[in-house]
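Undergrad: After the structure tokens below, expect a handful of questions from me.
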Amino acid sequence: MNGLFSYYETDSFLHRRNPSLKLLSLMVLMLAVTMAFDPWTPTVFFVGALAVQCFLGRVPLRSLARPLLFFFALGALGFVSSNALFYAPPPGGSVAVLWQRGALRVTVEGLRVGVSLTIRMMAIVVFSMIFVTTTDPTDLVLSLIQHARFPFRLGYGILVAYRFLPLWQTELGIIRAAHRIRGVGERTTLRGRWEQLRRYAVPLLASAIRKSERVAIAMDSKAFGALPRRTYYRQVRVTWLDWAMLAGTILTTVLILLVLARAGLLIGYGVVPED
Amino acid sequence: MDEVHIEARNLSVRYPRATGWALRHLSFTVVRGETLLLLGPSGSGKSTIGLCLAGLIPNSVPARTEGCILLDGRDAADMPVGERTATVGMVFQDPEAQFCMLTVEDEVAFGLENLTVPRQEMDGRIGEALSLVGLKHRRRERVDRLSGGQKQRLALACALAMRPATLFLDEPTSNLDPATRYGFFQLLKALRRRQPELTIIIVEHILDDLIGMVDRVLVLDDGKASSPAEEPARVFDRRGHALDEMGIWLPQVTALARKLRLAGLAVARLPLTVEEAAAALQHLVARRTIERGDDVHRRGTACRVPTTQSSSRPPAISVRDLSFRYGRGPLVLDKASLEVPQGSFYSLVGPNGAGKTTLASHLVGILPPGPGQVRILGDDITELTTAQITDRVGYVFQNPEHQFVELHVEDELAYSLRIRQHSAAEVQAAVQRLLDDFGLASHRRANPFSLSQGQKRRLSVATMLALGQRVLVLDEPTFGQDRNTAHSLMARLCALQQSGVTILAITHDMQLVADYAEQTAVLVEGQICFSGPTPQLFANRALLREASLRPLPLHELARALGIAYQDGTLPMSIRDWYPFFGLERPVEPDASPVSRSAT
């Protein structure tokens, strides 16, 4: 799968970290960014995350360019323009108008909120990408089962589904080609698309159901779920470095927030900007 | 050694919502260390036996059961599931749908983990199982990067790692090419020598490379066994006719000896292997070399079309120096060139992954043409619109379901005519003709997905002829079908060829090639390394080896007996053998009657 997000196979500090604790660290960062409303805090986290990805994750930034550009465009078009135009000041607040024509006006405050939202989203995207590109999906599921009490039956179900995704992608390609030969054009009207969806879905579902039944029988034939407990060949380890990563993440986050608050740039967390 | 390991007593199984019983009062025994072959038409209950044995029925697969199956004297139904699955190791047919992990060693470990084998012990057992199947060096490989044959060997390793007393193999080689199938059975034979205690139960269709290791055969028909399991030669001898009726393939040399005996020759005991056949037939050969007569040259099948007139017309398909790669991947086609004359029955063979489907995809413009040229009936494909291409070429996909676009059989047949705005009367007439020609008239209101495997295949061929296409390309047309359905389909294709349609069939089934294809092209690693009359291909052993095609058992027998035509080529199908034994060639094709299979 060469989608926007996929595991990048290499060896790095982040690749070696325990997936569950990595997930926890990620949540800390997400929380920190979500609670800040100014544009500076997410910018600092965004740049920091890129550096972490580059040096600790050893994932070439080039591979992040496409998804980042996509979200940047989305943010620029959606958040910035809508907020710049339609920002409603809080009661009693005033706005600085930059440009006005009729009912349309662009305000400084609106622009600031839009930019801040965009950067926030970009920061969150980079966090997620760090996680996805440096975490082997099998290890993630095993770690969730072994360390986070995730039920193993469900976990293995997810693994199987993951294994089958590329197969279904290939099969969809074949079905599309097969239909094209029948003379089915790619539809553009809404009704045509709906019809087309049904045509693709039936063979795909028929094969998916058949395959999943077969896999289920094959798994059961290897005694899957026959005993309440199972052992694990691949042990996902937790080392002091993993805890250090979590502690480091929390510490750095607090530090960044403190410095920004000191500089008077932080908005959110109950901190009110000086006027 | 004669210790009864498995015993079925009056075993009956019925699936929920099924119309009949899958197994009816079945009783049989299997001795420890024995190899038992299960034969029977599809739906006769072969797989159900495996599911019962492994305790998957009724625990994982809901079904009503009566009677019992005993493992070492203990009722399997009373054994804890874990113990039972550890006793019976299963290998299934579909290499894509029996794994759940991403890497080879994780996959082997999976079963051990479920049995709570301690971690320290797993490492050794994984290594041991993988070296038994010759996959030790691929231990850390991703499962999806293995070839089909390697995946089946991995499935075997997974079962062996659990140290089962019995292996149940359910059509393990039906997705593999001939050489890979041979390799899998060689592996099984080696395993049999190393672990004489291991009981093996196997379901298979193509028996030539397997039958030598089989101790007994149990024939199932409609969930019943009408006689106890016996050694193979006796079963083929006494029940040959019944097996014929059921559409079960005998090993080729056995089938030949049986036909010759029915024609009046004194064949004492039916042979199973080439060596046995050579010994049994040696003294009966009347002439070792004969002239290849004109009818012999055309091989007397239904496909008899004079090829002389075709030379003046442009070829149906002409491919010149075609190269192709997917994205930035390796070259799949490397300057492949192929010319298929109009009105011929052409086959395209080659090992798995050689690029056969990729080449065929270019003939209908599914793939953007790379360097090189493809001409259909004389015109460059890049200058034709998709509609023009599909007017000329019908393409039948390997899985018929992929092509279905409508909810009823008749709409399915009418589809391409309707989108071309043919009149209702025209459509009606064409649909009726196709329904009749392909024996689908009684299913006209059925949903295509609800048809049987053979019917689905016939429907997919019929839809591809609705526009009166002159060229028909088929990808593995007989895949997953029993002998009767396969032969009836081939007979239909022959009839089409007689009406002037050019047929190009991709296939792994070498006997089919020998029986029907006038000409054959061999694709190896993206290049056509042979194209020409089919007998010449089979006469060339070095080429067969290179293309990972197995020589036909009948040809090995011909060599062992010193039988050949004067031009050095070998007799292709069983009928061609009669003159060598001083017999008249039978008029009737040796395939089962076509009419019967339309049901």
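Undergrad: Treat the count of other C-beta atoms within 10 Å as a stand-in for reagent exposure and order B:D379, B:D106, B:D391 from fewest to most. Let's see the in-between values first.
TA: Numbers: B:D379 15, B:D106 22, B:D391 18.
Least to most surrounded, the residues fall as B:D379, B:D391, B:D106.
Undergrad: I would also like to ask the following. At a Förster distance of 51 Å, what's the computed FRET efficiency of B:R287 paired with A:R198, Cβ-Cβ distance as r, to 0.05? If you can, show how the numbers build up before the last one.
TA: Details: r = 63 Å, r/R0 = 1.24.
Here the calculated transfer efficiency is 0.20.
Undergrad: Further, regarding this structure: Once the Cα atoms of the stretch A:108-221 are picked out, what are the Rg and Dmax in Å?
TA: 20.9, 66
Undergrad: Another question about this same structure. Sticking to Cα atoms, compute the Rg of chain B to one decimal and its Dmax as the biggest Cα-Cα distance, whole number, in Å.
TA: Both quantities, over Cα of chain B: 25.2, 74 Å.
Undergrad: Which value at 222 nm does the protein assembly as shown reach when only helices count, each DSSP H run of 4 or more adding -39,500 (n - 2.57), with the total divided by all residues and rounded to the nearest 500 deg cm²/dmol?
TA: On the way: 30 runs with 383 residues, N = 874.
Dividing the helical sum by the residues of the protein assembly as shown leaves -14000 deg cm²/dmol.
Undergrad: While we're looking at this one, here's another question. Name the residue farthest towards the positive end of the dipole of the protein assembly as shown from the options A:T231, B:N484, B:I506, assuming +1 on Cβ of Lys and Arg, -1 on Cβ of Asp and Glu, about the Cα centre.
TA: A:T231
Undergrad: May I ask for log10 I(q)/I(0) of chain A at q = 0.15 Å⁻¹, from a Debye sum over the Cα atoms as equal point scatterers with solvent left out?
TA: Rounded to two decimals, the profile gives -1.17.
Undergrad: What distance in nm separates the simple spin-label points at B:F449 and B:T29, each placed 7 Å from Cα in the Cβ direction?
TA: 4.7
Undergrad: Starting with the highest mean, order B:222-235, B:87-100 by the number of other Cβ atoms within 10 Å, averaged over the residues of each peptide.
TA: Listed from highest to lowest mean packing, they are B:87-100, B:222-235.
Undergrad: Continuing with this model, one more query. Between B:Y326 and B:A279, how high is the FRET efficiency from 1/(1 + (r/R0)^6) when r is the Cβ-Cβ distance and R₀ = 41 Å? Nearest 0.05. Let's see the in-between values first.
TA: Values: r = 50 Å, r/R0 = 1.23.
Efficiency, from the Cβ-Cβ distance: 0.25.
Undergrad: Specify the angular offset, from 0 to 90 degrees and rounded to the nearest 10, of the alpha carbon long axis of helix B:119-132 from the longest principal axis of the alpha carbons in chain B.
TA: Helix B:119-132 sits at roughly 50 degrees to that axis.
Undergrad: While we're here: Could you give the angle, 0 to 90 degrees to the nearest 10, between helix B:252-262's Cα long axis and the longest principal axis of the Cα atoms of chain B?
TA: That works out to roughly 80 degrees.
Undergrad: Computed FRET efficiency, Cβ-Cβ of B:T386 and A:E9, R0 25 Å: what is it to the nearest 0.05? All intermediate terms of the calculation are to be shown ahead of the outcome.
TA: Working: r = 39 Å, r/R0 = 1.56.
It comes to 0.05.
Undergrad: Rounded if a/c is under 1.5, else prolate if a/b beats b/c, else oblate: with a ≥ b ≥ c from the C-alpha gyration tensor eigenvalues square-rooted, which is the stretch B:479-595?
TA: In terms of gyration-tensor shape, oblate.
Undergrad: Mind pulling the angle between the C-alpha long axis of helix A:40-55 and the longest principal axis of chain A? Nearest 10 degrees, somewhere in 0 to 90.
TA: Orientation of helix A:40-55: about 40 degrees from the principal axis.
Undergrad: Taking 8 Å as the Cα distance limit and 6 or more residues as the minimum spacing, I'd like the relative contact order of chain B as a percentage. Provide the component values of the computation, followed by the final result.
TA: Numbers: 1107 pairs, mean separation 83.7, N = 599.
This gives 14 percent for chain B.
Undergrad: Taking the simple approach of a point 7 Å from Cα along Cα-to-Cβ for both A:Y269 and A:A103, what is their distance in nm?
TA: Reported label-point gap for A:Y269 and A:A103 is 4.1 nm.
Undergrad: Contour minus end-to-end for B:L543 and B:Q428, with contour as 0.36 nm per residue of separation and end-to-end as the Cα-Cα distance? Show your work: numbers first, answer last.
TA: Working: separation 115, 0.36 × 115 = 41.40 nm, distance 4.90 nm.
That works out to 36.5 nm of additional length.
Undergrad: Report, in debye and to the nearest 20, how large the dipole of the stretch A:214-275 comes out about its Cα centre when Lys and Arg carry +1 and Asp and Glu carry -1 on their Cβ. Don't jump to the answer; show the numbers that get you there.
TA: Numbers: 7 positive and 4 negative charges, 148 e Å.
It comes to approximately 720 debye.
Undergrad: Moving on to the next point. Mind checking the dipole of the stretch A:137-275: about its Cα centre, +1 per Lys or Arg Cβ, -1 per Asp or Glu Cβ, Debye to the nearest 20? Before the final figure, lay out the partial values.
TA: Working: 20 positive and 9 negative charges, 204 e Å.
So the magnitude is around 980 debye.
Undergrad: Over the stretch B:306-390, what is the relative contact order in percent, taking alpha-carbon pairs closer than 8 angstrom and at least six residues apart? Can you show the working numbers first?
TA: On the way: 132 pairs, mean separation 29.3, N = 85.
Contact order relative to length: 34 percent.
Undergrad: Any idea what the alpha-carbon Rg over 2.2 N^0.38 Å comes to for the protein assembly as shown? Mind showing how you got there, number by number?
TA: Values: Rg = 32.5 Å, N = 874, 2.2 N^0.38 = 28.9 Å.
Compared with the compact-globule rule of thumb, the protein assembly as shown sits at 1.13.
Undergrad: Arrange A:F79, B:F110, A:F70 by Cβ neighbour counts within 10 Å, fewest through most, would you? If you can, show how the numbers build up before the last one.
TA: Details: A:F79 19, B:F110 23, A:F70 12.
If I rank by nearby Cβ atoms, fewest first, I get A:F70, A:F79, B:F110.
Undergrad: Under a cut-off of 18 Å between alpha-carbon atoms, report the lysines in cross-link reach of A:K211, not counting same-chain residues fewer than 8 places apart.
TA: A:K222, B:K151
Undergrad: With both partners inside the protein assembly as shown, how many of the DSSP beta bridges are antiparallel, as a percent to the nearest 5?
TA: Given both bridge residues lie in the protein assembly as shown, the antiparallel proportion sits at roughly 55 percent.
Undergrad: Give the relative contact order (percent, whole number) for chain A; include only Cα pairs under 8 Å separated by 6+ residues. Kindly include the intermediate steps, with their values, before the conclusion.
TA: On the way: 266 pairs, mean separation 83.6, N = 275.
Relative contact order comes out at 30 percent.
Undergrad: Could you check the simple spin-label distance between B:R234 and B:R313, using points 7 Å along Cα→Cβ, in nm with one decimal?
TA: So the label points at B:R234 and B:R313 sit 5.6 nm apart.
The numbers here are math on the coordinates, done by the rules we state, and not lab data. Treat the numbers as computed from the prediction; the structure is a model and nothing was measured. Every residue, glycine among them, receives a Cβ derived from its backbone with ideal geometry; neighbour counts consider all protein chains shown.
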